[in-house]
Amino acid sequence: MKRRRQTGHKEIVVFALDEPRYALPLTTVERVVRAVDITPLPKAPEIVLGVINAEGRIVPVVDIRRRFGLPARELQLEDRFLIARTSRRVVALVVDSVAGIQELDGRQSLESGQALAFAPYLQGVAKLADGLVLIYDLDQFLSLDEERKLDAALSGGPG
């Protein structure tokens, strides 16, 4: 995924899970790759499906379907991994498809305080030509307890 030069506008990566569309800030997304087999990670929190090898890095795969309360399903050949950075680690998110990059101006987005204060991992809402897209804060996807369990599982220590 190519980076675009910085402008005064915010850029997001739009992706789909079932029918709804979601987004992450472009600045957090490293790249999009085809889904590969996931290696189970013993003692990982339930939201972590396992790990993948992404160019020599061991990357945990986060089940955002579970986080969003969507029905679970098996990994499909058409699925994609969004490889993205949190402030603590790089993670892979399993998504059905990636629609692409959208550039937003100030009139198209609302901050979460104005939008849905009850959703702790929501960063904002974007109004696109074809509907609304929820923009998520990847740093909020894992709770502190989940982060600790994941750290222990990745290090092979007690969980």
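The values are calculated or read from the model by the stated rules, or taken from the named source; none is laboratory data. This is a predicted model, so every value here is computed, not measured. A quick note on method: Cβ atoms are made from the backbone with ideal geometry, for glycine too, and the neighbour counts reach across all protein chains shown.
This table checks each residue for (1) hydroxyl-bearing (Ser, Thr, Tyr); (2) in contact with a Lys or Arg (Cβ under 9 Å, 6 or more places away or on another chain); (3) modelled with pLDDT of 90 or more.
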residue	(1), (2), (3)
Pro45	no, yes, yes
Arg80	no, yes, yes
Gly106	no, yes, no
Ala117	no, no, no
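Say whether the condition of being of a type in the set (Lys, Arg) and surrounded by 14 or more Cβ atoms within 10 Å (Cβ to Cβ) is met by at least one residue in segment 7-21. Yes, some residue in segment 7-21 is of a type in the set (Lys, Arg) and surrounded by 14 or more Cβ atoms within 10 Å (Cβ to Cβ).
Condition check for Leu110 on (1) closer than 23 Å to Asp63 by Cβ; (2) touching a strand residue (DSSP E or B) at 6+ places or on another chain (Cβ under 9 Å); (3) at pLDDT below 95: one failure, at (1). In the condition set (1) closer than 20 Å to Val98 by Cα; (2) at pLDDT below 95, Val61 is compliant with all but (2).
Please specify each residue of segment 57-79 satisfying the condition of being touching a strand residue (DSSP E or B) at 6+ places or on another chain (Cβ under 6 Å) and of a type in the set (D, E, K, R).
Initial filter on segment 57-79 (touching a strand residue (DSSP E or B) at 6+ places or on another chain (Cβ under 6 Å)): 58-64, 79.
Within segment 57-79, Asp63, Asp79 qualify.
To keep it simple, each residue is scored yes or no on (1) modelled with pLDDT of 85 or more; (2) buried (at least 16 other Cβ atoms within 10 Å of the Cβ).
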residue: Val91; (1), (2): yes, yes
residue: Glu103; (1), (2): yes, no
residue: Gly124; (1), (2): no, yes
residue: Phe141; (1), (2): yes, yes
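Quick check on Asp96: is it under 23 Å from Ala35 (Cα atoms), out of contact with any strand residue (DSSP E or B) (no Cβ under 8 Å at 6 or more places or on another chain) and at pLDDT 85 or above? No.
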